[in-house]
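Shown next, in structure tokens, is the structure this report addresses.
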Amino acid sequence: MSQGQSQHVGLLAVNRAFSRFAHVTGYVCLAGGLCEIADYQTAAPTALIWPVLLPLGVTLALLVFLDRWRTTFYSILFLAVGGVSQYWVSFSLLTAFPSVRSSHTLVLSLVAVSLVLVCGPGFVPTSTIIWGVLGYAVGLAASLSAMLVTRAPFSLDVIPLVVVVGLVLVESTDAITRSRRIAVRPELDRAVLDDELSVLRYRTEVRAAALMHDTVLGHLSAIAATVDGALPTRLTAEMQRDLAVLIGEDWLEEPAPSTDDPGTDWRRSALMTAVKEARGLSLTVDVTGDPGAIGRLTTERDQAVGLAVKQCLINVLRHAQVERAEVVIIGSEADVSVMVIDAGRGFSEELIASDRLGLRQSVRRRIESVGGEVTLWSTPGRGTSILIRVPASAIRGKHG
């Protein structure tokens, strides 16, 4: 959506919301008027007041139509019928109750307020003001006509006057500040776009750094540890595969949601792939807990967890000086946790050189980029435990 369209839609939504509020208030006023008439009729059973319920009911019905279709036709029809209702109610009350000698009787005020809140067609402040003032004039004319016919003394109804003044002030303020809001909106749109781009840039940098460590740096380390002679066939195949990934730049694309359900068979997950690769490197990996919980991860989080665990297991091979590790999978309603445990020589994270990127990039930042967190416990000589926790998705598979 372009910035111009977003401005138009935003301003239209504000005016629609105000119109809806005004019409709901009109419903309340007309319903209150009907109740007031019923109360007058109950207080004076011999008085002929109930016929005024008919025009009030028609006015209420027309407001429903006007709220649904804000057209000039329904606006004029609503004001015409509402004016007749105002006159009829005023005339009936002033005739049936000699003590009622004021135009600001509550029932008359309620009908007059509903006329002020007609709003009319269009969704601009000027139109709302014009129709509101017109509705006030219609209600005032109907009341004055009834007072003239019944010879009742004139008394200005304050409630509709306050409502119309408030309507004019609110809509005038909206009209005055609209140009400023339109001028500021592109700046807000640009700020939102810049924020989205910065997040995307950060995620790309994190993925690039992690991929670089997983492939190039990892292979260089493997080559350095290889005895003189031809490279092992397995290592050559892995290098060719990773080189194809880097050249193709497929890693730049966000993972597409899979139609498969990893929860039905967790062995299709990225985590199981990491375990298999570690076992292929002669590391014994015991998987315990609830492997099916991995099925509750989105594709992106499944891949992030798999690659992070892969790096953890590679670290066990390279640094822990043990041949066995354990992967524990725990699922809860809110998240999925994976813990990698080894009984190796351990280390202190604070003492890791700044150029060692495995734990920082391939594990911690990779998991943080998908909304997860990593907690590490390690004591020199007593082993290492790394807990990876990521939010679970209720729509991806079943937990179990």
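Distant-in-sequence amide contacts of residue 335, defined by a placed amide H-H separation under 5 Å and a gap of 5 or more residues or a different chain, comprise 392.
Prolate is the label for segment 272-340, because a/c, from the alpha-carbon gyration tensor with a ≥ b ≥ c as root eigenvalues, is 1.5 or above and a/b exceeds b/c. Dimensions of segment 41-90 from C-alpha coordinates, computed as largest minus smallest value along each principal axis and given longest first, are 41, 17, 11 Å. Each of the peptides 295-301, 339-345 was scored by the mean count of other Cβ atoms within 10 Å over its residues; in descending order, highest first, they stand as 295-301, 339-345.
Positive contributions from Lys and Arg (+1) and negative ones from Asp and Glu (-1), summed over other residues with Cβ under 11 Å from the Cβ of residue 125, come out at -1. Per-peptide packing, taken as the mean over residues of other Cβ atoms within 10 Å, places 85-92, 270-277 in the sequence 85-92, 270-277 from highest down. Among 367-375, 167-175, the peptide with the highest mean count of other Cβ atoms within 10 Å heads the list, and the full ranking is 367-375, 167-175.
Here, each number is a calculation from the coordinates, and none is a lab measurement. These numbers come from a predicted model, not from an experiment. All Cβ positions, even for glycine, are placed from backbone atoms using ideal geometry, and neighbour counts span all protein chains on display.
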